[in-house]
C-alpha cells in the first residue's frame, strides 16, 4: 500500500488527515473530523513519553498480541485441567478473527495513523492491514475473557497483560484509540459468549465431560 502522499510534508496529523480525505473524495463531517483530531492529539502526546526502556518494553509486549494466544491455547489442550480453557480460547480466537479481520476491517477500511502521519518513526514494521478494529486488542481480550471464565485468578492476570498489549498499539502509533476500544469490546463479547457456548455443549455430552473435566 502506498503510504507516502505528495504535498504531505510540513503538515501536522490533523492536516494530513484532512488532505487525505480531500484527495480521496471522502469528506468527513465536522464531528468525525473533531474526533480524529482528539485521537491524533492523544497519539502525538504519547510520543513524548518514549524512552529506550519503554520502547523495548512495548515492542516486546506487542509481539504477544496474536501468535502467543494461539500457542497458549494449543498448549492448554495438553492438560486435562486446562483443556476446556484451551478450547474456549481457540474457539473465541477463530470467531474473533472472522468478525474483526475478515469482516469489519475490509468493510470499514480505516487507514492507520502511521499511514496518515508518516513522520513518526515506527518501532515495528508498518502493518499492511486496515486499522479498525485492533486485532491485537480483540485477540488479547478474547483470550483473557476465556481464561477468566475458566480460571478467575489466571484471568485477572490475563486481563492486565491484555491491557498492556492494547496500550502498546497506541504507544507504537499503529492504531487509533477507537480502534483499540472497539477491539477490546469485541474481544470481551466474543470471549464471553464463545466460552459459554463451549461450556454448554460440553455439559450436554457426557463423553466430552469425561475427557475435559
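A short reminder: the numbers here are calculations on the coordinates, not readings from a lab. As the structure is a prediction and not an experimental result, all values here were calculated from the model. So basically every Cβ, Gly included, is an ideal-geometry build from the backbone, and we count neighbours across all protein chains shown.
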Query raised in the report: Most exposed first by the Cβ proxy, i.e. fewest other Cβ within 10 Å, how do 169, 110 rank?
Result: 110, 169
Query raised in the report: Among 192, 173, which comes first, second and so on when ranked by fewest other beta-carbon atoms within 10 Å?
Result: 192, 173
Query raised in the report: Arranged by the count of other C-beta atoms within 10 angstrom, fewest first, what order do 143, 137 take?
Result: 137, 143
Query raised in the report: Rounded if a/c is under 1.5, else prolate if a/b is larger than b/c, else oblate: which is the range 54-183, with a ≥ b ≥ c the root eigenvalues of its Cα gyration tensor?
Result: prolate
**Report entry** Inter-probe distance in nm under a simple model that places probes 7 Å from Cα toward Cβ, at residue 123 and residue 80
**Finding:** 4.5 nm
Query raised in the report: Pulled fully out, how much extra length does the chain show between residue 197 and residue 167, if you take 0.36 nm times their separation in residues and subtract their Cα-Cα distance?
Result: 7.9 nm
Query raised in the report: Which percent of the Cα-Cα distances in the range 109-213 go past 23 Å?
Result: 39 percent
**Report entry** residue 59 versus residue 107: modelled label distance in nm, points set 7 Å from Cα along the beta carbon direction
**Finding:** 3.6 nm
